Ligand code: PLP
Ligand code: COI
């Protein structure tokens, strides 16, 4: 590492740390400019920007990992590009060409390579691409200009303790409406989750679980992560619903469970009053990786799955395989890894 960066990699949480470079590109008069890396982490935008008033913005989250041989790599950035464009279509924002998105992430990771933790610490470089609608405006209408920015921060575990179980409670609030923006990664969904999250934290839970907004009978999201359960007969099950954010980690686990661990997999309704069908349960996402769910509180009772203190054996196998692929220790399926070399 070329630079003296004073970070205790083992103590990192999930917090903003300013790194050296970020990528900025501007959309104006119907097209994106070439974009460039800049050092300034401040954005100056009009007070009328639709992103500020009407939430016309969307974002992504992916990570850069250091392998044992010292090289760094991204995990499935093409999937983040596709999902960002899906969010853009939902909010009438201009799409980003996939190659531009991946190139921006590669440039940012490479320019901030000193912030990618050494292999074996478990810490990573979290990359946050986002698009905001900007410019002078007051009416409820799409912006005429947009900023695409990609910045990054070194991070450790999202939920304290990493792969040790945490408990969740069921939220009385919804994060998304039945035909709303739940499947898009837009800021408004997260603004809606702040109060329920705070309520659950005050009661000692890691976060809350959202049920389906139409009937409140089915599990949808675990805070800012997707849910999975392992049935007593060893099936990997994860909820299916149009208001869930389609998690790239979840789709990767569906593949890993089937192709690496030989399990049967199901994407289907998961009823909250049938959670006793699961021997183990977990939350999955880029930030959460796999966080085992110790128990879920529902109707004043805590239902414990495998254990409140130990990760279950199937969850552990899924974790080890996913983690191994992401850090380059386990062979990845074709196209999942973008290696960042000095000439990329
Ligand atoms: N669900 C929500 C609401 C999220 O914010 C995230 C994080 O991106 C996820 C699920 C997990 O998605 P992914 O695995 O693509 O990070
Ligand atoms: C992610 O897992 O990338 C997320 O976006 C979760 C959260 C930090 C918003």
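Some points to look at:
- All conditions in (1) more than 24 Å from residue 186 (Cα to Cα); (2) surrounded by fewer than 21 Cβ atoms within 10 Å (Cβ to Cβ) hold for residue 280, with the sole exception of (2).
- The one condition in (1) in the same structural domain as residue 218 (by TED's automatic domain parsing); (2) over 24 Å from residue 203 (Cβ atoms); (3) in contact with a helix residue (DSSP H, G or I) (Cβ under 9 Å, 6 or more places away or on another chain) that residue 269 fails to fulfil: (3)
- Scanning the stretch 286-297 for residues that are within 16 Å of ligand 2 (Cβ to nearest atom) and surrounded by fewer than 22 Cβ atoms within 10 Å (Cβ to Cβ) gives a single hit, 287.
- Set side by side, the residues 302, 261 differ, and just one is closer than 24 Å to residue 203 by Cβ and over 21 Å from the mean Cα position of the chain (by Cα), which is 302.
- Checked against the criterion of being free of Cβ contacts under 8 Å to residues at least 60 places away in the same chain and surrounded by fewer than 23 Cβ atoms within 10 Å (Cβ to Cβ), the candidates 173, 158, 179 yield just one match: 173.
- Among the candidates 68, 3, 82, residue that is out of contact with any strand residue (DSSP E or B) (no Cβ under 7 Å at 6 or more places or on another chain), over 30 Å from residue 145 (Cβ atoms) and either at pLDDT 95 or above or crowded, with 21+ Cβ neighbours inside 10 Å (or both): 68
Residue by residue, here is whether (1) touching a residue at least 60 places away in the same chain (Cβ under 8 Å); (2) away from ligand 1 (no atom under 16 Å from the Cβ) holds:
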residue	(1), (2)
28	yes, yes
36	no, yes
40	no, yes
55	yes, no
59	yes, no
64	yes, no
69	yes, yes
89	no, yes
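- Residue 255 vs. criteria away from ligand 1 (no atom under 11 Å from the Cβ) and more than 22 Å from residue 178 (Cα to Cα): yes
- Residue count, the stretch 217-236 (criterion: more than 16 Å from ligand 2 (Cβ to nearest atom) and out of contact with any helix residue (DSSP H, G or I) (no Cβ under 8 Å at 6 or more places or on another chain)): 2
- Within the stretch 149-198, the set of residues being part of a loop (DSSP other than H, G, I, E, B) and either closer than 30 Å to residue 313 by Cα or outside the structural domain of residue 247 (by TED's automatic domain parsing) (or both) comprises 156, 157, 158, 159, 160, 161, 162, 163, 164, 165, 171.
The values are calculated or read from the model by the stated rules, or taken from the named source; none is laboratory data. Quick caveat, the model's predicted, so the values are computed rather than measured. Here Cβ is always computed from backbone atoms with ideal geometry, including for glycine, and neighbour counts include all displayed protein chains.
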